[in-house]
Amino acid sequence: MGDQPLVRWDWIASHLVDPIGTRLLEHLQLSITPILLGLLLALPLGVACVRWRALYPPVFTTVNILYAIPSIALFFLLLPYTSFSAWTAIIPLTVYTLAVLVPNVVDGLNQVPDHVRQAAEAMGFGPLRRLVQVELPVALPVVIAGLRVAAVATISMVSVASLVGLGGLGQLILTEGFRRQFPTPIVVGIVLSVALAFLVDGLLVLLQRWWTPWTPRPARAGGRNRRSAAASTAAASSAADRPAAPEGRRRRA
Amino acid sequence: MNLMLTVAEWLGDPQQWSGPAGIPARFLEHLGYSGLALLIAAAIAVPIGLLTGHTGRGGFLTASAANVGRALPTIGVLMLVVLAVGIGLTPVMVALVVLAVPPILVNTHEGVRGVDPQLRDAAQGMGMRGHEVLLRLELPVAVPLILLGLRTAAIQVISTATIAAYVGIGGLGRFIVDGQARRQFEMVAGGSLLVVLLAVLVAVLFYLLRRLLVAPGLRRRTPVGR
């Protein structure tokens, strides 16, 4: 890049709406859909795995094998079937979120204390009502911990979808930046993608505090040291990776 | 179905199986880049993680590194490094190592950190000194997590090395890039399948390593579904 500055603010100013804004919106859409779809699939799957225990090992192994597949390969393999629609990105990304979410739903439900379950039963709750009104709310912090990992991973992975031509911030990085040997859009793409990931992560933390006010908050103000930080991420790791896997489910390229 | 047939045909074509642009050569190239990047990253991250975990300092730093690392879009990092330094093996290695360090670092740190304090007390009570506690107790107990970090990093490096073909190095990604340019889908899909194969092989390798390296007393601690 030589004599060019790393960031040219005038370019950013004149391209703020298009392509920066449009690509950001595409990115948001391409990442939020798989996260929501993944949650929608993981909840019943997780409930089923807790209800019928024999189901869990095969489900767990399957999602983990799928998780090992590089996203770029899956995008290209799907391309002839889904062509250049958003589904080419959404289907693989949804599958990846399952690898994080299903174990967390199962762990969350397994962590519901027996006396809580019995109390619900004693109050006359049927199985379905007990699940919806007692067990799922108690499991919620663990589910949200998984959702946070899945969301951050998905948002960073969507960039790869641009290599297939599906848009998003990766497209900004690739076509505006790399093909033109122009670093500014690359920097903008990276910064926006990281900012989006942190924003969604922060929103999920707020959502959890609002939904489950009974859970203890991590002590802030300098006291938020390794153990509490580790505990929150460790809760998001999968069962096979115990004991405590803080960085087990990372996003890939 | 037709598509699958053309892909199988491409994979079965003896022409693809020889020469410097053949499947074995590309496969080895890919394995070489990924292995080298993983080795460099491990050489950096494991000692630092052991040290920070053992002393209990720097936990916040490693956690932050992991968070940022998780959120960074790989292709952006790769392309920025290549624009800054130019095309070649070195910039690609830099990008791959940068991406592989955080998961290894954090898992090593947490693995050592997570050792039961009672065990540490016992080791000290037996007269072990600091480095002995680290090497003979904390390291073996942390092995499962260190391996997990290495596996996570390895899979990530393999995917990113695929993308590296876009910036002009070899490896299995070449089939994807060249196939796209020539509009030969069977080549793109064949290359993708080979990447999948490599990733699955690496996952199996780490499974075997886990069986091999984790002390027998620790192995039973992986309950399924708790």
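The values are calculated or read from the model by the stated rules, or taken from the named source; none is laboratory data. Keep in mind that what you see is a predicted model, and the values were worked out from it rather than measured. Note that each Cβ is placed from the backbone with ideal geometry, even for glycine, and that neighbours are counted across all protein chains shown. With ligands, DNA and RNA removed, areas are computed over all heavy atoms of the protein, side chains included. Shrake-Rupley method; radii C 1.70, N 1.55, O 1.52, S 1.80 Å.
Details
- Taking the criterion of being under 22 Å from A:Glu26 (Cβ atoms) and surrounded by 17 or more Cβ atoms within 10 Å (Cβ to Cβ), the only residue of the stretch A:39-69 that qualifies is A:Leu39.
- Subset tally (residues that are of a type outside the set (A, V, I, L, M, F, W, C), open to solvent by 10 Å² or more (accessible area, probe 1.4 Å) and within 12 Å of B:Leu150 (Cα to Cα)) for the stretch B:99-114: 1
- Just so you know, in the stretch A:151-172 the residues that are outside any helix (DSSP H, G or I) and open to solvent by 10 Å² or more (accessible area, probe 1.4 Å) include one that is farthest from A:Arg23 (Cα to Cα), and it is A:Gly165.
- Under the condition of being within 8 Å of chain A (Cβ to nearest Cβ), open to solvent by 20 Å² or more (accessible area, probe 1.4 Å) and either of a type in the set (Ser, Thr, Tyr) or closer than 24 Å to B:Leu5 by Cβ (or both), the residues counted in the stretch B:181-204 number 4.
- Taken over the stretch B:112-140, the criterion of being on the phi < 0 side of the Ramachandran plot and either facing chain A (nearest Cβ under 9 Å) or in a loop (DSSP other than H, G, I, E, B) (or both) is satisfied by B:Arg113, B:Gly114, B:Val115, B:Asp116, B:Met126, B:Met128, B:Arg129.
- Test: B:Leu194 is without any contact (Cβ under 8 Å) to a residue 40 or more places away in the chain and under 24 Å from B:Thr74 (Cα atoms): no
- Scanning the stretch B:1-52 for residues that are without any contact (Cβ under 8 Å) to a residue 24 or more places away in the chain, closer than 22 Å to B:Ile163 by Cβ and not in a helix (DSSP H, G or I) turns up B:Pro20, B:Gly22.
- For first residues located in the stretch B:74-101 and within 15 Å of B:Leu38 (Cβ to Cβ), partners that are surrounded by fewer than 20 Cβ atoms within 10 Å (Cβ to Cβ) and lie 6+ apart or on another chain with Cβ distances below 6 Å form the pairs B:Val97/B:Ile40; B:Val101/B:Ile44.
- Residue match in the stretch B:205-225 (condition: polar (S, T, N, Q), in a helix (DSSP H, G or I), at pLDDT below 90 and surrounded by 14 or more Cβ atoms within 10 Å (Cβ to Cβ)): no
- On the stretch given as the stretch B:53-72, residues that are under 23 Å from A:Ile155 (Cβ atoms) and not in a helix (DSSP H, G or I) total 1.
- Selected residue (only one of B:Leu72, B:Leu31, B:Leu39, B:Leu99 is more than 30 Å from A:Arg179 (Cα to Cα) and among the aliphatic types (A, V, I, L, M)): B:Leu39
- Count - residues of the stretch B:155-168 that are more than 9 Å from every other protein chain (Cβ to nearest Cβ) and open to solvent by 10 Å² or more (accessible area, probe 1.4 Å): 1
- Restricting the stretch A:173-190 to residues that are more than 9 Å from chain B (Cβ to nearest Cβ) and assigned to a helix (DSSP H, G or I) leaves a set whose member that is surrounded by the fewest Cβ atoms within 10 Å (Cβ to Cβ) is A:Thr175.
- Take the conditions (1) modelled with pLDDT of 85 or more; (2) closer than 22 Å to B:Leu150 by Cβ; B:Thr74 misses just one of them, which is (1).
- Unique match (being at pLDDT 90 or above, of a type in the set (A, V, I, L, M, F, W, C), in contact with an Asp or Glu (Cβ under 9 Å, 6 or more places away or on another chain) and not in a loop (DSSP other than H, G, I, E, B)) among A:Ala139, A:Ala119: A:Ala139
- Qualifying positions in the stretch B:9-52 - under 18 Å from the mean Cα position of the chain (by Cα), open to solvent by 50 Å² or more (accessible area, probe 1.4 Å) and under 20 Å from B:Asp178 (Cβ atoms): B:Leu28, B:Glu29, B:Leu31
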